[in-house]
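Worksheet for the structure shown next.
The values are calculated or read from the model by the stated rules, or taken from the named source; none is laboratory data. Values in this document were obtained by computation on a predicted structure and should not be read as measured data. Note: ideal-geometry Cβ built from the backbone for every residue, glycine included; neighbour counts use all protein chains shown.
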Amino acid sequence: MIPYGRQDISEKDIEAVCEVLRSDFLTQGPKTSEFEATLCEYTGAKHALVMNSATSALHAACLALDVGPGDLVWTSPVTFVASANCALYSGANVDFVDIDPNTYNMCPLKLELKLKNAKSSGAKLPKVLIPVHLAGQSCEMDKISALSKEYGFKIIEDASHAIGGKYKDSPIGNCQFSDITIFSFHPVKIITTAEGGAALTNNPVLNEKLSLLRTHGITRNESLMKNKSHGPWYYEQIDLGFNYRMTDLQAALGISQMNRLDEFIQKRHEVAHSYFKNLEGLPLILPYQHRDSHSAYHLFIIKLKSELKRNHKEIFISLRQNGIGVNLHYMPVYLQPYYASIGFKSGLCPEAEEYYSSAISIPMFSALSSEDQKTVCDTIAKVVEGY
Ligand SMILES: *Cc1c(COP(=O)(O)O)cnc(C)c1O
């Protein structure tokens with residue numbers, strides 16, 4: 001089976017991790033700071049903090065923006081559950097803004113309408129919005145950012161799919177249009193640290209809060225302490241934080257992978273190029289690329305044209321039976337039984353539900369060989385032509 005995604009680990013990557021095992025620091029040492037500096041340099045963000053997962057980073061980001069009970073967070077329905085769960089961890093409520101049928105990202109027009117309706121009916125407005133750059137393509141951040149100024153919400157970009165991508169020719173992660181940006185380094189993502197994530201920001205106060213939340217709320221910085229230091233051993237817990245640290249083993253892998261990021265993106269674009277060329281003419285909708293976006297191509301999502309939609313499940317199964325490890329990213333989050341149990345009902349986001357009835361993620365990763373790319377395209381053509 002050709003998988004839909006796979007990590008790309010070199011001998012150099014392995015050596016980088018082994019070197020840390022022979023050093024003095026196994027967790028949060030010099031490699032962690034070096035990885036953070038590398039992320040800042042690559043994206044242009046002023047601050048970066050790496051954590052043990054993107055899920056942890058999303059949780060810490062919500063708390064750093066003072067999300068709590070009584071608050072509302074809005075996100076996209078077509079995302080991994082963590083983009084919404086982080087609001088619930090913080091005690092807030094969550095709601096969903098339907099997607100744009102072309103990009104599959106949160107639709108800025110529907111966002112504007114939902115904000116207008118909430119305001120005019122006196123309903124609660126979101127404190128934080130979490131747009132998700134699905135498949136590595138940036139949301140329309142200029143429009144979303146303009147709405148944030150008009151309606152007074154903060155923005156956390158869930159860029160778990162998007163490190164290495166660009167928006168309006170600038171790196172995703174620079175936080176030009178957001179308060180905080182989150183990356184994931186899970187093995188199926190663009191670069192990996194096995195488990196891991198990062199929170200980037202240009203705001204030093206938010207960075208300080210995120211840093212405290214990462215390490216139990218503990219500080220050794222005297223200027224932040226409530227009392228006078230008792231001595232050189234002294235530290236203070238001034239907030240309720242967590243252990244969300246990344247290890248230096250992981251950070252070393254992250255640094256080594258960052259050296260290969262541009263090459264990974266280049267290869268993913270080559271795969272995409274071959275798919276666009278070889279899948280053209282089939283009854284499929286290929287992923288629309290917005291002119292402001294240079295995708296990181298975490299995923300390559302095809303949709304079946306309307307005449308094939310009723311065969312979605314059979315086509316999906318047939319592709320797997322023929323050795324193509326297709327997947328589906330994602331069922332709308334609010335259709336998950338947990339979300340149904342807290343009151344969400346189907347019909348909330350019609351475009352997201354239409355998407356779910358026809359989308360298929362096909363194999364996309366940097367080490368996908370040309371032969372395998374050809375097998376993927378030939379198999380899709382063969383399977384689709386049977387309907
Ligand atoms: C993978 C993913 C996450 C969670 O990442 P982890 O590092 O596994 O916690 C969050 N949001 C999106 C959109 C993701 O794809």
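Annotations for the structure displayed:
- In region 183-199, the condition of being surrounded by 24 or more Cβ atoms within 10 Å (Cβ to Cβ) and away from the ligand (no atom under 14 Å from the Cβ) is met by no residue.
- One residue from Leu308, Leu253 being buried (at least 18 other Cβ atoms within 10 Å of the Cβ), touching a residue at least 40 places away in the same chain (Cβ under 8 Å) and either out of contact with any strand residue (DSSP E or B) (no Cβ under 8 Å at 6 or more places or on another chain) or more than 30 Å from Lys209 (Cβ to Cβ) (or both): Leu253
- Here Ile155 meets each of (1) more than 12 Å from Gly136 (Cβ to Cβ); (2) out of contact with any Leu (no Cβ under 6 Å at 6 or more places or on another chain); (3) more than 10 Å from the ligand (Cβ to nearest atom) with one exception, condition (2).
- Of all the listed residues (Leu348, Leu282), the sole one being aliphatic (A, V, I, L, M), within 28 Å of Leu109 (Cβ to Cβ), surrounded by 15 or more Cβ atoms within 10 Å (Cβ to Cβ) and modelled with pLDDT of 95 or more is Leu348.
- Which numbered condition Gly386 fails, given (1) modelled with pLDDT of 95 or more; (2) out of contact with any Phe, Trp or Tyr (no Cβ under 7 Å at 6 or more places or on another chain): (1)
- Taking residues in region 314-340 that are touching a residue at least 12 places away in the same chain (Cβ under 8 Å), and partners anywhere that are charged (D, E, K, R) and surrounded by 15 or more Cβ atoms within 10 Å (Cβ to Cβ), the pairs with Cβ atoms closer than 7 Å and at least 6 places apart or on different chains are Pro332/Glu353.
- The listed residues are Tyr339, Tyr297, and the only one of them that is touching a helix residue (DSSP H, G or I) at 6+ places or on another chain (Cβ under 7 Å), surrounded by 15 or more Cβ atoms within 10 Å (Cβ to Cβ), at positive phi and not basic (Lys, Arg) turns out to be Tyr297.
- Verdict on Ala162 being modelled with pLDDT of 95 or more, within 16 Å of the ligand (Cβ to nearest atom), over 19 Å from Cys107 (Cα atoms) and not polar (S, T, N, Q): no
- Residues of region 88-123 that are of a type in the set (Asp, Glu) and touching a strand residue (DSSP E or B) at 6+ places or on another chain (Cβ under 9 Å): Asp95, Asp98, Asp100.
- Qualifying residue in region 148-164 (condition: farther than 21 Å from Lys46 by Cβ and in a helix (DSSP H, G or I)): yes
- Any hit, region 227-236, residues being among the charged types (D, E, K, R), without any contact (Cβ under 8 Å) to a residue 24 or more places away in the chain and touching a strand residue (DSSP E or B) at 6+ places or on another chain (Cβ under 8 Å): yes
- Residues that are in contact (Cβ under 8 Å) with a residue 60 or more places away in the chain and more than 23 Å from Gly241 (Cβ to Cβ), drawn from region 35-54: Thr38, Tyr42, Thr43, Gly44
- Screening Pro171, Pro131 for residues that are surrounded by 16 or more Cβ atoms within 10 Å (Cβ to Cβ), more than 30 Å from Val20 (Cα to Cα) and of a type outside the set (Lys, Arg) leaves exactly one candidate, Pro131.
- Entirely in region 282-387, the helices (runs of 4 or more DSSP H) that have 3 or more residues that are under 30 Å from Ile172 (Cα atoms) and under 25 Å from the mean Cα position of the chain (by Cα): 350-356
- Within region 165-206, the set of residues being outside any loop (DSSP other than H, G, I, E, B), touching a residue at least 12 places away in the same chain (Cβ under 8 Å) and under 19 Å from His59 (Cβ atoms) comprises Ile180, Thr181, Ile182, Phe183, Ser184, Gly197, Ala198, Ala199, Leu200, Thr201, Leu206.
- Qualifying residue in region 258-269 (condition: more than 18 Å from the chain's Cα centre (by Cα), exposed (fewer than 15 other Cβ atoms within 10 Å of the Cβ), more than 16 Å from the ligand (Cβ to nearest atom) and not in a helix (DSSP H, G or I)): yes
- Failed item in (1) assigned to a helix (DSSP H, G or I); (2) in contact with a Phe, Trp or Tyr (Cβ under 7 Å, 6 or more places away or on another chain), with Ala252 passing the rest: (2)
- Count of residues meeting criterion [in contact with a Gly (Cβ under 6 Å, 6 or more places away or on another chain), among the aliphatic types (A, V, I, L, M) and over 20 Å from Arg268 (Cα atoms)] in region 148-178: 0
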